[in-house]
Amino acid sequence: MTTTTVPETTAHRRATAGLVGGALWALLPVAWATALADDAGSGTVSLLAAATAWIFLVLPPTLILAGLAALRRALAGDAGRVGAVGTALTATGLAAMAVGNGIEVASITTGGAEVALGHITFLLGFLVSTVGGVLLGVVVARQRRDTLSRAGGLLLALALPLGIGIGALGSIVSPENDAWFWAAISVPAGVAWVLLGRSLQAAPTTHHELVTAS
């Protein structure tokens, strides 16, 4: 048996995508408050608002899906059944969130109204991804040894109560500001994926595969 070193450039790119997606997701409330709030529901959308909506509402879940693939690869057999279920639910939820937001943003940026189907798809995706995040986060916190991964896993596992806390704070500070709604949904998970993506980037960029010598 001999040992062959195999580059992991694809895994590194996926980790970077997850990090960027997490950062954009965490910054969504800021984007909403500065570039989207004035156009929301007005029936007319500026070019800046349209671009911002695609970048901060649709792109992040898609990029995080790539990061999820890198995390699944890093966990490998350590994920177990719970990790596998958590990964599947998280992936399904993220995909639904991207599709739901995509439906609504596409309608709004082309002069249409909000689409109930898109909104429902997004909310269902959020609920599914949150359940998946709890399962996956617990597995990551237990199986990964580095501080960034453990912190990211804990944030995923606690995203729902943290989001509820953020939403409650927003209802007190500025109840009419929808940015708090998005903060409750996106900030905990977004920060978690920044930490997880960075952790996966810092992992060894090669792995060893045993092959039979000729």
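Once the range 132-148 is narrowed to residues that are more than 9 Å from residue 83 (Cβ to Cβ) and of a type in the set (A, V, I, L, M, F, W, C), the residue that is surrounded by the most Cβ atoms within 10 Å (Cβ to Cβ) is 134.
Look at the range 95-124: where a residue is free of Cβ contacts under 8 Å to residues at least 40 places away in the same chain and of a type in the set (Val, Ile, Thr) and a partner is surrounded by fewer than 20 Cβ atoms within 10 Å (Cβ to Cβ) and not in a loop (DSSP other than H, G, I, E, B), sitting 6+ places away or on another chain with Cβ atoms under 6 Å, you get 103/118; 115/107; 121/99.
Within the range 184-197, not a single residue is surrounded by fewer than 16 Cβ atoms within 10 Å (Cβ to Cβ) and either in contact with a Ser or Thr (Cβ under 6 Å, 6 or more places away or on another chain) or in contact (Cβ under 8 Å) with a residue 24 or more places away in the chain (or both).
Give the residue, chosen from 84, 76, 113, 88, that is open to solvent by 50 Å² or more (accessible area, probe 1.4 Å) and outside any helix (DSSP H, G or I). Even if it seems obvious, please write down each step before you answer.
Values: 84 fails: outside any helix (DSSP H, G or I); 76 fails: outside any helix (DSSP H, G or I); 88 fails: outside any helix (DSSP H, G or I).
After applying the criteria, what remains is 113.
Comparison of 125, 153, 197, 165 shows that the only residue that is under 13 Å from the mean Cα position of the chain (by Cα), in a helix (DSSP H, G or I) and farther than 19 Å from residue 23 by Cβ is 125. Take the conditions (1) open to solvent by 60 Å² or more (accessible area, probe 1.4 Å); (2) modelled with pLDDT under 65; residue 43 misses just one of them, which is (1).
Out of 169, 160, 154, which single residue is open to solvent by 80 Å² or more (accessible area, probe 1.4 Å) and closer than 15 Å to residue 26 by Cα? Just one listed residue meets the conditions, 160.
The values are calculated or read from the model by the stated rules, or taken from the named source; none is laboratory data. Everything numeric here is computed off the predicted structure, so don't read it as measured data. Neighbour counts run over all protein chains shown; Cβ positions are idealised from the backbone, glycine included. Accessible surface is based on the protein model in full, side chains and every heavy atom, while ligands, DNA and RNA are left aside. Shrake-Rupley method; radii C 1.70, N 1.55, O 1.52, S 1.80 Å.
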